[in-house]
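Report on the following structure.
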Amino acid sequence: MTLQTPLQPHGTATGRRSVAELSHDFRMANGRLARRLRQEKAENELTGGQFSALGTLFVEGPLTLGELSEQECVTPPSMNRTVNALVEAGLVNRDGSVDDGRKVVLTATEAGLALMRETRKRRDAWLAQRITKLSPEQRRVLADATVIMKELAER
């Protein structure tokens, strides 16, 4: 399939769209939804990068600075500044590694975990409220699209 291959959109009356048009529309809708969901967070003064790093520690568990940098796709010096702010805010701890005394392991504090749990709760509630307004058919389509989105993200 080329980028100009026409597609018949499911359940729309807009006619045929190319893969390029679908890609653009999908990216725009996904971006808008992501921005809107980011607004649903626990009250804090964290930057997007700080919140993302804390979220990675929340999901992945303890990591070294290098591992966290790699996960977040930033340089170690940049991540060090981010972690310094999180440590200062009481959301992340730095501890020595039991395996290698030269390594520092980063973990989310109880306050950091609580912040992430509250944010997850708010975002899930916001989205669930909107999903309940969808028809059963729209929910089935959304469930199918969710599987496809996960596949796209893994490739």
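Numerical summary
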{"quantity": "Residue within the range 49-62 that is within 17 Å of the chain's Cα centre (by Cα), charged (D, E, K, R) and assigned by TED's automatic domain parsing to the domain that holds GLU137 present", "calculated": "no"}
{"quantity": "Residue check for GLN129: without any contact (Cβ under 8 Å) to a residue 40 or more places away in the chain, in a helix (DSSP H, G or I) and farther than 30 Å from GLU45 by Cβ", "calculated": "no"}
{"quantity": "Counted residues, the range 108-155 - those being in contact with a Leu (Cβ under 6 Å, 6 or more places away or on another chain) and either among the acidic types (Asp, Glu) or loosely packed, with under 10 Cβ neighbours inside 10 Å (or both)", "calculated": "0"}
{"quantity": "Single residue of LYS103, LYS121 found to be out of contact with any strand residue (DSSP E or B) (no Cβ under 9 Å at 6 or more places or on another chain) and farther than 16 Å from GLN50 by Cα", "calculated": "LYS121"}
{"quantity": "Residue among THR82, THR64 that is surrounded by 15 or more Cβ atoms within 10 Å (Cβ to Cβ) and touching a strand residue (DSSP E or B) at 6+ places or on another chain (Cβ under 7 Å)", "calculated": "THR64"}
{"quantity": "Matching entry among THR75, THR56 (being of a type in the set (Ser, Thr, Tyr), free of Cβ contacts under 8 Å to residues at least 24 places away in the same chain and surrounded by 14 or more Cβ atoms within 10 Å (Cβ to Cβ))", "calculated": "THR56"}
{"quantity": "Test: residue in the range 90-103 that is surrounded by fewer than 13 Cβ atoms within 10 Å (Cβ to Cβ), in contact with a helix residue (DSSP H, G or I) (Cβ under 8 Å, 6 or more places away or on another chain) and either within 25 Å of GLU40 (Cβ to Cβ) or hydrophobic (A, V, I, L, M, F, W, C) (or both)", "calculated": "yes"}
{"quantity": "Lone unmet requirement of (1) modelled with pLDDT of 95 or more; (2) over 20 Å from the mean Cα position of the chain (by Cα) for PRO76", "calculated": "(1)"}
{"quantity": "Scope the range 1-44; condition at pLDDT 80 or above and exposed (fewer than 11 other Cβ atoms within 10 Å of the Cβ); matching residues", "calculated": "ARG27, MET28, ALA29, GLY31, ARG32, ALA34, ARG35, GLN39"}
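The values are calculated or read from the model by the stated rules, or taken from the named source; none is laboratory data. The structure presented is a predicted model; accordingly, all values stated were derived computationally and were not measured. Ideal geometry is used to build each Cβ from the backbone, glycine not excepted, and the neighbour counts take in all protein chains shown.
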